[in-house]
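Participant: Here it is, the structure in full.
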């Protein structure tokens, strides 16, 4: 009985090894570098264009972020950004465009369930914890800073 169980475990491990995809770490890093770099170049182009139009650096930076978020949401809506993210990995998911994609994708996916229960409830499924913990962490650090300045 024990031999049968060990044989099944070995067969299962061999099956898992056969089905598990093998990843080339260096190729994935190169793809992430290229994808993130292209996103940053697009952002820099938008920033330079806005500054050439006479906007201050702060306003131009805001416009650059807004346009990148808009492009990400539009590409998510046309199911293009997920393909970019699959190819580019963290290079597409780490910049602000990845955050916009994580907010837009659930909203698009659950829109058939209605405005409130579909879009309203599901829009922050992925991005909600990031926002929550980001705000909470900034509050904690702000309290630590405030207390440290009192002494």
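All of the numbers you see were taken from the coordinates with simple rules; none came from a lab. Remember, predicted model here, so these are calculated numbers, not experimental data. So basically every Cβ, Gly included, is an ideal-geometry build from the backbone, and we count neighbours across all protein chains shown.
Participant: Going through region 77-97 one residue at a time, which ones are part of a helix (DSSP H, G or I) and either within 8 Å of the chain's Cα centre (by Cα) or buried (at least 18 other Cβ atoms within 10 Å of the Cβ) (or both)?
Facilitator: 81, 84, 85, 88, 90, 91, 92, 93, 96, 97
Participant: Among the listed residues 56, 65, identify the single one that is within 20 Å of residue 130 (Cβ to Cβ), surrounded by 10 or more Cβ atoms within 10 Å (Cβ to Cβ) and out of contact with any strand residue (DSSP E or B) (no Cβ under 8 Å at 6 or more places or on another chain).
Facilitator: Only one candidate passes the filter, namely 65.
Participant: Please pick out the residue among 101, 48 that is without any contact (Cβ under 8 Å) to a residue 24 or more places away in the chain, at negative phi and surrounded by 11 or more Cβ atoms within 10 Å (Cβ to Cβ).
Facilitator: Answer to the check: 48.
Participant: Here are the criteria: (1) within 26 Å of residue 104 (Cβ to Cβ); (2) out of contact with any helix residue (DSSP H, G or I) (no Cβ under 8 Å at 6 or more places or on another chain). Tell me which single one residue 19 does not satisfy.
Facilitator: (1)
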